[in-house]
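See below for the structure under consideration.
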Amino acid sequence: MKEENNKIIVIGAGPAGLAAAARLAELNKKTKVFEYSEKVGGMAGSMKIWGHIVDFGPHRFFSSDKVVVDFWHRYVKKNFVMVKRQTRIYFRNKFFNYPLKPFNALKNLGLRNSFISLISYFKSKILPLEEDGSMEIWLSNRFGYKLFKTFFKTYTEKLWGKSCLELDADWAAQRIQKLTLGGALKNALKIDFNNKHKTLVDEFAYPCIGNQYFYDELKNFIEEFNQQEIIFNSQVSRILIEKNRVTGIELANGDQHNCKWLISSMPITSLIAGIENVPQKVTLASKKLRFRNTLLVYLLINSENIFSDQWLYIHDPTVLHGRITNFRNWSPDIINQNGTTVICLEFWCFEDDEIWNMRGEDLINLASKEVVQIGLVNEEQILEGKLVKIPKCYPMYETGYKENLNVVIEFLNKIEGLIPIGRYGSFKYNNQDHSLLMGIMSAESVAINKTPNLWDINTDSKYQEAGYSKDISNS
């Protein structure tokens, strides 16, 4: 058994963990970083296939926090492009703008459905349904049941694998809190002349050679400062605790590494499982917290012009996939200049779902069939396919999840020196900027020997589709 003394250990080299380690290095504090996989970036990273660079799904950069924007820019520097955002909803063989634009939506819905949708909307304002904490009621009261059923229900239930009545309203509040029909109408009529947040709805920043670039730059800075490489392929099996204070970690191979501070971005459920003598109440609550898995099927298409969006939300109920990313529409530097395009279809599932255990060849065939079925490509244009499986991507906001999460949080808050961060570690549906902010804030607190409270980052009152993209592009 190998033992080492380290003041600060970081578990995970995804957005949150790398941000923590890099910010600590900026503050002249050394860390040791352990990563379960063989590369940095987590699901926000990139890979190279067929001569193209592709991300693990769409990962644009935006933030409403200047601290995060400045941090991102310190490492990306000038090596980025500003991308004019186009994302639409595919529904019933038509494309709807997203964020929703009333005139486009009304035109595609047709006169009859538009009239029914408007009546439903006004009814929700006059006679709202009694709130029960579910996503369905929250969205129905905000948009009317007809618009909810058209633009939210199918996609949301694909993503989560459960009825919207069984999902907590928190997810909708965090993701679309500022989106309203009235606001969309004002924007369409250009009434909101003082809208300070239009920029990032329309464009976002993206590293020229893929999102991995940013995380590789963080890695290089961390390793240079610490004079030690990040330790990859390292599974943390146990959290060492004495008298309610963290003292280190034990790896699956038996090696122990001691520390005073432990910043953990590993799944919160795995964190609890690695702690000994956890009260039964906490263990039971942790086991009720679930994550959703993602299957990414990449297809090489023999065409340059498939669709003009960076990604599409697929609301068609006759297919299983829910989103398609077109990497040709991000940066010219990630494209193989041979006339082909790489698209990525996303399927979501649990580990015990049949699709999660399907053979790669069968999943590629399924994705190929579905993208042809909805009319985006012809069968003869599909040249090759590749499957990437990503477990535990999305924390499940099931009804009752908050009560279980609060039990776990109360327990973890009593352990001195332990700081859970990131999408996995805090069980929050973070975007990149939220996880980066968690990492930065954890580092700044540890640097002054103080425990931060990060549980409120990415709450319904703080999430917004806005940011400092102009600050980036002009710097």
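Yes or no, residue by residue, for (1) touching a residue at least 12 places away in the same chain (Cβ under 8 Å); (2) surrounded by 20 or more Cβ atoms within 10 Å (Cβ to Cβ):
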{"position": "CYS208", "(1), (2)": "yes, no"}
{"position": "GLN212", "(1), (2)": "yes, yes"}
{"position": "GLU229", "(1), (2)": "no, no"}
{"position": "GLU242", "(1), (2)": "no, no"}
{"position": "LEU251", "(1), (2)": "yes, no"}
{"position": "GLY254", "(1), (2)": "yes, no"}
{"position": "TRP261", "(1), (2)": "yes, yes"}
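Considering (1) surrounded by fewer than 20 Cβ atoms within 10 Å (Cβ to Cβ); (2) under 22 Å from TRP160 (Cα atoms), the lone condition that VAL67 does not fulfil carries the number (2). State yes or no: is GLU217 surrounded by 15 or more Cβ atoms within 10 Å (Cβ to Cβ) and assigned to a helix (DSSP H, G or I)? So GLU217 passes the test. Annotation: of all residues in segment 109-122 being more than 18 Å from LYS94 (Cα to Cα) and in contact with a Lys or Arg (Cβ under 9 Å, 6 or more places away or on another chain), the one that is surrounded by the fewest Cβ atoms within 10 Å (Cβ to Cβ) is ILE119.
Just a yes or no: is a residue in segment 313-325 among the polar types (S, T, N, Q) and buried (at least 19 other Cβ atoms within 10 Å of the Cβ)? Walk me through how you get there before you give the answer.
Kept after step one, since they are among the polar types (S, T, N, Q), are these residues of segment 313-325: 318, 325.
Within this subset, residues satisfying the condition of being buried (at least 19 other Cβ atoms within 10 Å of the Cβ) are 325.
Within segment 313-325, one or more residues are among the polar types (S, T, N, Q) and buried (at least 19 other Cβ atoms within 10 Å of the Cβ).
Scanning segment 125-149 for residues that are polar (S, T, N, Q) and buried (at least 22 other Cβ atoms within 10 Å of the Cβ) turns up just one, SER140.
Of the residues that sit in segment 220-256 and are among the hydrophobic types (A, V, I, L, M, F, W, C) and part of a strand (DSSP E or B), which one is farthest from GLY42 (Cα to Cα)? So that I can check it myself, show each step before the final result.
Taking segment 220-256 as the starting set, the residues that turn out to be among the hydrophobic types (A, V, I, L, M, F, W, C) are 221-222, 225, 230-232, 236, 239-241, 246, 249, 251-252.
This time we only want the ones that are part of a strand (DSSP E or B), so: 231, 236, 239-241, 246, 249, 251.
Working: ILE231: 14, VAL236: 16, ILE239: 21, LEU240: 25, ILE241: 27, VAL246: 25, ILE249: 21, LEU251: 19 Å.
Of everything passing the filter in segment 220-256, ILE241 is farthest from GLY42 (Cα to Cα).
Once segment 388-436 is narrowed to residues that are in a helix (DSSP H, G or I) and charged (D, E, K, R), the residue that is farthest from CYS344 (Cα to Cα) is GLU410.
Kindly evaluate GLY385 against the criterion of being modelled with pLDDT of 95 or more and assigned to a helix (DSSP H, G or I). Don't jump to the end; show me each part of the working.
Values: modelled with pLDDT of 95 or more: yes; assigned to a helix (DSSP H, G or I): no.
When the stated conditions are applied, GLY385 does not pass them.
For segment 336-375, the set of residues classified as of a type in the set (A, V, I, L, M), surrounded by fewer than 20 Cβ atoms within 10 Å (Cβ to Cβ) and not in a helix (DSSP H, G or I) consists of MET358, ILE374, listed by residue number.
Of everything in segment 94-108 that is aliphatic (A, V, I, L, M) and buried (at least 18 other Cβ atoms within 10 Å of the Cβ), the residue that is farthest from the chain's Cα centre (by Cα) is ALA105. When you check LEU436 against the structure, is it surrounded by 18 or more Cβ atoms within 10 Å (Cβ to Cβ), modelled with pLDDT under 95 and within 21 Å of the chain's Cα centre (by Cα), yes or no? Against the criterion (surrounded by 18 or more Cβ atoms within 10 Å (Cβ to Cβ), modelled with pLDDT under 95 and within 21 Å of the chain's Cα centre (by Cα)), LEU436 does not qualify.
The values are calculated or read from the model by the stated rules, or taken from the named source; none is laboratory data. These numbers come from a predicted model, not from an experiment. Don't worry about glycine lacking a Cβ; one is built from the backbone with ideal geometry, like all the others, and counts go over all protein chains shown.
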